[in-house]
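Chemist: I have a structure here, written as structure tokens, and I will follow up with some questions on it.
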Amino acid sequence: MNLAIKARQVFGIRPKEKSFHFTSDGQAFTLVSDARNHAKTLEDKSVVLVTREQAASGDIKAPKAAKISKTILGGAQNEFQAKGSKSETGLGADDSTHEANAAMEAKAAEEAKAKEAAEKEIENQKSK
């Protein structure tokens, strides 16, 4: 999904937030530390800060992936294992988060189709 569309949706749901940090998989976080921690689990580890003004204007320029340096923690794959955790279950988003994201994506697709249809109708009106 396009980051600009996703950003508008997220800001629409959270009207009091001034900015979000987006990971390459489209997850939005209010804290950069949460975004970076999630990004560590992804192939593309970039995190992009998007302000409400950028989302409103659609002027979101994602910089080249800012790679988060990998730290080897005594053979552990990540800081949770380094601290002695036996399981990482529950660290990711829960089912309700995935359902909300799917609903937002479906709504964005509907809005895009409606906009396209409206633009075609306007073009048809102009050509008459």
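Each reported figure results from applying straightforward, stated rules to the coordinates on display, with no laboratory input. All values reported here derive from a predicted model rather than from experimental measurement. When we count neighbours, we look across all protein chains shown, and the Cβ atoms used for this are built from the backbone with ideal geometry, even at glycine.
Chemist: Arrange 111, 119 by Cβ neighbour counts within 10 Å, fewest through most, would you?
Modeler: Working: 111 13, 119 10.
So the ranking, lowest neighbour count to highest, is 119, 111.
Chemist: Among 25, 44, rank each residue by its count of other Cβ atoms within 10 Å, from fewest to most, as a rough exposure measure. Each step should come with its number before you reach the end.
Modeler: Details: 25 14, 44 11.
Ordered by Cβ neighbours within 10 Å, fewest first: 44, 25.
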